[in-house]
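As structure tokens, the structure follows; a few thoughts come after it.
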Amino acid sequence: MLTKAPRGTRDILPDEVYKWNYVEKEFSELCKRFGYKEIRIPVFEHTELFQRGVGNTTDIVQKEMYTFLDKGGRSITLRPEGTAGVVRSYIEHGMSSLPQPVKLFYQISAYRYEKVQAGRYREFHQFGVELLGAKSPSADAEVISILALYFDRLGIKNLELNINSIGCPECRSKYNEILKDYLKDKIDSMCPTCQDRYNRNPLRILDCKEEKCQEVVKNAPSLLDHICDECKKHFEAVLERLSIMGIPFNVDKGIVRGLDYYTKTVFEFVSKNIGSQGTVCGGGRYDGLVEDCGGAPTPGIGFALGVERLLLELNSQGIEIPEPEAPDIYIASIGNKADLICEKLAWQLREKNITCIKDIMDRSIKAQMKYADKIGARYVLVLGDNEIESNKAELRDMETGDTKVISLDTLVDRLVKIKCEGSL
Ligand code: ATP
Ligand code: MG
């Protein structure tokens, strides 16, 4: 127990972290270029927020939340996603009085009690965007285009964008009746959860992962064929804008998305490479959510991208991520006097942003050289009595084998210059 992380959690080890740093930096830089600002939200919220904001009939709320009473007897839940927290924050901090729209992005961990498998964890990470206060189709197109450009930047090819419209509450309530009518003589062959959903939220049945339910809904009437004129116009305008930007998409009448709050546009980016957990990213419009959570009516649209699945995809496409740079220099020293000089030189080099490593293990010179090699230091310098006396030392380029005798007084300037120019 003590030496094993809980099921569904994973350490991100140092030799993997650079990949995370890379995708995080690319994402935040791209979002900023679209005018989005970062928001950081708490890891836990009041349970009610998710019951309301994610929806009581969703798998997340019904089966997957990490909920507990804190020592003050409050029901607390670890965030299973980011949108509800962002919307809560938007309302709490009166962001509706800021210039609209409010454009936010986040990079969070999220928690769901799920069946653990490749691409499905209990602690996982999401990059997300929430665009609040804009109702035009252009807002939908903008949010989707962030993802398209992001994948493009990372060199990811062949992710499929599937898009649908699930209409507004009016078209949906009409459709719910049509769907219920279609399902009414099939109730017995559905899973118990869907039997319950039949009255509470029949649309959810379309998203059930149980095979017998998928069989039942296979030929069900599509919501897209029953949306109102306004929703239809909106959807067509979104597609037109995607086409103008050259972003390929498939209209997929089957997408309903797992969360209750979506209206109109819903979409997913799906991979064929990473197995059954192929949905790398999902999103959609949620025009009723802010009001549902206690704010003024405010349109919104956003997405959440699964970082673990993104990295699986990068891996499966053989995309290389720039590796972190090896240390610029290792300064080996022989004896205490040399070590003291080395201490000072290392400090001066680090002040100038040169990555310098020195011995802190009291190792022999032989062992120090071995270590310098292991950590892949680009340059090595050895300080012994002779070097101290002559104030000169041999700087060795470990990549080319070239050596140069330099004055210790010029070491710092030399290395700064080398770092700019790339060689001795
Ligand atoms: P799925 O259908 O795979 O369960 P979802 O509809 O529950 O996904 P969302 O709530 O839309 O997923 O979350 C957005 C993204 O977060 C997903 O597309 C996926 O990449 C990622 N994600 C969701 N749940 C997990 C998980 N348990 N482990 C890893 N990534 C996840
Ligand atoms: Mg899920």
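We did not get these values from a lab; they are worked out from the coordinates using the rules stated. Just so we're clear, the structure is a prediction, and the values are computed from it rather than from any experiment. Cβ coordinates were reconstructed from backbone atoms using ideal geometry, including for glycine residues, and neighbour counts include every protein chain displayed.
Structural remarks
- Gain upon complete extension [Asp409, Glu92; 0.36 nm per residue less C-alpha separation]: 108.3 nm
- Angle in degrees between helix 365-374 and the longest Cα principal axis of the chain, rounded to the nearest 10: 30
- Within the chain, percent of DSSP bridges classed antiparallel, to nearest 5: 80
- Cα-derived Rg over Rh, computed across the chain with Rh taken as Kirkwood radius: 1.12
- When each of Lys180/Lys253; Lys103/Lys135; Lys392/Lys417; Lys63/Lys174; Lys337/Lys404 is checked by Cα-Cα distance, pairs over 20 Å: Lys63/Lys174; Lys337/Lys404
- By the equivalent-ellipsoid construction on the alpha carbon gyration tensor, the stretch 329-421 comes out with semi-axes of 18, 15, 13 Å, ordered largest to smallest.
- Applying 0.36 nm per residue to the separation of Gln100 and Lys374 and subtracting their alpha-carbon distance, the gain on full extension is 93.3 nm.
- Size of the stretch 263-311 as Cα extents on the principal axes (Å, biggest first): 42, 19, 12
- Shape category assigned to the stretch 136-238 from the gyration tensor of Cα positions, a/c cut at 1.5: oblate
- The stretch 329-421, dipole about Cα centre (Lys/Arg Cβ +1, Asp/Glu Cβ -1), debye to the nearest 20: 240
- Between 0 and 90°, nearest 10: helix 307-316 axis offset from the chain longest Cα axis: 70
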